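Contents: one structure, followed by commentary.
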């Protein structure tokens, strides 16, 4: 725990703790959790992870992005020894939350645990109740940071099931610019529960790109809240790529708070076996003249399940809103399922909101076309799957980070999509 | 090169081809003509190995091997090429990237070294020039947003790069204006050689003014009702297909 933490931290922890004690773990009777059963998490009673696990250094080394500033968070604690701040440019400050929280000049008190509502996000409340350490990234107004920032979040109990509550706060000053990637990782086969919260405050005219690379152990539970506020003319882009975890739940929420703000919210998720990928996104158009673009793509094999709930709220004042949402999923087996639910709540009358959802199998005519030119069925399928995800990958503008995410995704495709079982025998009519 | 004996093909539980017999030697160009619904495209797709076209009888021997025993991709790597009547749009798959993969799949199959990016680019540029293919088309997604003419030209471009032994052109002339038709035909004619054969499926004789066939076969209601030389196509041009309705029934028995 933050020793001698400022009073405001103690207060927020206590509030969150009380809220979680009152509400408890969500159940499937709640609308927001209708398809995702978190009872296995609640029942596990994981102890809080402590200390430095054996594999941390190797795990961090395995995902190193050349040229990036690296921040390691191990079991919820900022790990200075595994971080590499050598490339840190001027105008950006990185602080461990434990120490940084004492510094009133950074805006931490103003923003920490203030970008989301603890009532609406039980797991974020739980994270906040255990708020101890983590990382704050503060970009000074007007500074354009060219060096990407890579946060590596490791969770491991060295084989013993544990829980960690990693925490990241990004504050981008007016007209600043920064690109951040967050890789969630654990040792293959490990059981653990990673309950992450990332808050992002995008100042006026600032541009923040946040890439999420969720590649937890296939036996892990991964819950992440990514919540952002965007001020006038600010731009926030979230690109989430999820290939790991037995049960994943992402709550990604963006509030467009100032006129002319823009949000991109994209993602690709991939699962096989009986894994579950649940993505809940929320876009809150609170003021006029904001734009948002959302594309999610899912690839599901085996008996995998996915949930996509895309909420768009257009408040009464938010005239001239332009919001577009697309969710597409490919089911590669008869037993894979998805519950896809666009949820548009529009209270303004002069807006443009479109949404589309499509669930299907691989296009067999396209498969035949590729095969008729000489590609094997497996090669043809890989080409179509890469193309399917490609639309989202193309949105990654930071080459160093894009390369790694692309490689993770494509190796997961090979791992999860077994050509002999994944596809329905191609009978056509 | 190709021996088709009494080929019967079913689509959706309905027999479309009732027994086609046709022999194609290397170096020859055969035209298959016939009215809409006669089974021309079914014949082309069955040769290419489309899984929706079920062969219920007969044999097809290609270069001494049982063609029907091979999947579509193996047929392609063995040198069978079909230019699609309706080329499929594949968003996100780069045309040049796909063609390189296809060519190298074939080269690997033949025991040849795969082409690297440089050599492949040089080859593409050479072929693109012959067919007057805009190089921008090569960097777009396969057929996506192509006009009808561009799609057909892209098919012939694929053929030129893949250099098949047996090329089946399925109504390549449909949707082409006269200039495009001339360019596409020039591309095909440039590829005519003693060790390559063509089966040209078409509704109209017009194409055969440019690609002059050695043999013309008339398909009606799933059977070949007449075979002859080029003059048969001219006769069809003059008389249309209506005469088939009387003679076609007799020919089937």
| Taking the stretch A:368-409 only, how many residues are under 24 Å from residue B:164 (Cα atoms) and more than 9 Å from chain B (Cβ to nearest Cβ)? | 2
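Determine if the stretch B:30-41 includes at least one residue that is within 14 Å of chain A (Cβ to nearest Cβ), out of contact with any helix residue (DSSP H, G or I) (no Cβ under 8 Å at 6 or more places or on another chain) and under 16 Å from residue B:217 (Cβ atoms). Write out each step before concluding.
Initially, the stretch B:30-41 is screened for residues within 14 Å of chain A (Cβ to nearest Cβ), giving B:41.
From what is left, the residues that are out of contact with any helix residue (DSSP H, G or I) (no Cβ under 8 Å at 6 or more places or on another chain) are B:41.
The next check asks that each one be under 16 Å from residue B:217 (Cβ atoms); those that pass are B:41.
Within the stretch B:30-41, one or more residues are within 14 Å of chain A (Cβ to nearest Cβ), out of contact with any helix residue (DSSP H, G or I) (no Cβ under 8 Å at 6 or more places or on another chain) and under 16 Å from residue B:217 (Cβ atoms).
Listed here are the residues, each with its yes/no results for (1) over 24 Å from residue B:8 (Cα atoms); (2) loosely packed, with under 15 Cβ neighbours inside 10 Å; (3) in contact with a helix residue (DSSP H, G or I) (Cβ under 6 Å, 6 or more places away or on another chain).
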site: B:78; (1), (2), (3): no, no, no
site: B:82; (1), (2), (3): no, no, yes
site: B:88; (1), (2), (3): yes, no, yes
site: B:93; (1), (2), (3): yes, no, yes
site: B:110; (1), (2), (3): yes, yes, no
site: B:113; (1), (2), (3): yes, yes, no
site: B:129; (1), (2), (3): yes, yes, no
site: B:138; (1), (2), (3): yes, no, yes
| message | For the structure I just gave you, tell me whether residue A:333 is more than 10 Å from chain B (Cβ to nearest Cβ), over 30 Å from residue B:79 (Cβ atoms), touching a strand residue (DSSP E or B) at 6+ places or on another chain (Cβ under 9 Å) and in a strand (DSSP E or B). | response | no
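List the helices (runs of 4 or more DSSP H) inside the stretch A:97-208, counting only whole elements, that have at least 2 residues being under 22 Å from residue A:284 (Cα atoms) and in contact with a strand residue (DSSP E or B) (Cβ under 7 Å, 6 or more places away or on another chain).
On the way: elements: A:97-100, A:108-111, A:122-129.
By residue number, A:122-129.
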| Among (1) out of contact with any helix residue (DSSP H, G or I) (no Cβ under 7 Å at 6 or more places or on another chain); (2) in a strand (DSSP E or B), where does residue B:45 come up short? | (2)
| message | If I filter the stretch B:57-77 for residues that are more than 14 Å from chain A (Cβ to nearest Cβ), in contact with a strand residue (DSSP E or B) (Cβ under 6 Å, 6 or more places away or on another chain) and part of a loop (DSSP other than H, G, I, E, B), do I get at least one hit? | response | no
| message | Among the residues of the stretch B:198-227, what is the count of those that are buried (at least 21 other Cβ atoms within 10 Å of the Cβ) and in a strand (DSSP E or B)? | response | 11
| request: Could you list, in sequence order, all residues of the stretch B:172-197 that are within 21 Å of residue B:24 (Cα to Cα), assigned to a loop (DSSP other than H, G, I, E, B) and touching a strand residue (DSSP E or B) at 6+ places or on another chain (Cβ under 6 Å)? | output: B:172
| In the stretch B:88-120, the residues that are more than 7 Å from every other protein chain (Cβ to nearest Cβ) and not in a helix (DSSP H, G or I) | B:89, B:94, B:110, B:111, B:112, B:113, B:114, B:115, B:116
| Among the listed residues A:168, A:135, which satisfies the condition of being out of contact with any helix residue (DSSP H, G or I) (no Cβ under 7 Å at 6 or more places or on another chain) and within 22 Å of residue A:226 (Cα to Cα)? | A:168
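Quick check on the stretch A:37-94: of everything there that is in a helix (DSSP H, G or I) and in contact with a helix residue (DSSP H, G or I) (Cβ under 7 Å, 6 or more places away or on another chain), which residue is surrounded by the fewest Cβ atoms within 10 Å (Cβ to Cβ)? Before the answer, list the steps.
Here is the first cut: in the stretch A:37-94, the residues in a helix (DSSP H, G or I) are A:39-44, A:56-62, A:80-82.
Those still in the list that are in contact with a helix residue (DSSP H, G or I) (Cβ under 7 Å, 6 or more places away or on another chain) too: A:56-57, A:60, A:82.
Numbers: A:56: 23, A:57: 16, A:60: 24, A:82: 19.
Filtering first and then ranking leaves A:57.
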| remark: Residues of the stretch A:20-61 being free of Cβ contacts under 8 Å to residues at least 12 places away in the same chain and within 30 Å of residue A:100 (Cβ to Cβ), in sequence order, are A:21, A:22, A:58, A:61
| remark: Scanning the stretch A:336-367 residue by residue, the ones that are without any contact (Cβ under 8 Å) to a residue 60 or more places away in the chain, within 14 Å of chain B (Cβ to nearest Cβ) and part of a loop (DSSP other than H, G, I, E, B) total 1
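What about residue A:73, is it at pLDDT 95 or above and under 14 Å from residue A:136 (Cα atoms)?
On the way: at pLDDT 95 or above: yes; under 14 Å from residue A:136 (Cα atoms): yes.
Yes: the conditions hold for residue A:73.
The values are calculated or read from the model by the stated rules, or taken from the named source; none is laboratory data. Model, not experiment: these values are computed from the prediction. Counting neighbours? That spans all protein chains shown, and the Cβs are built from the backbone with ideal geometry, glycine included.
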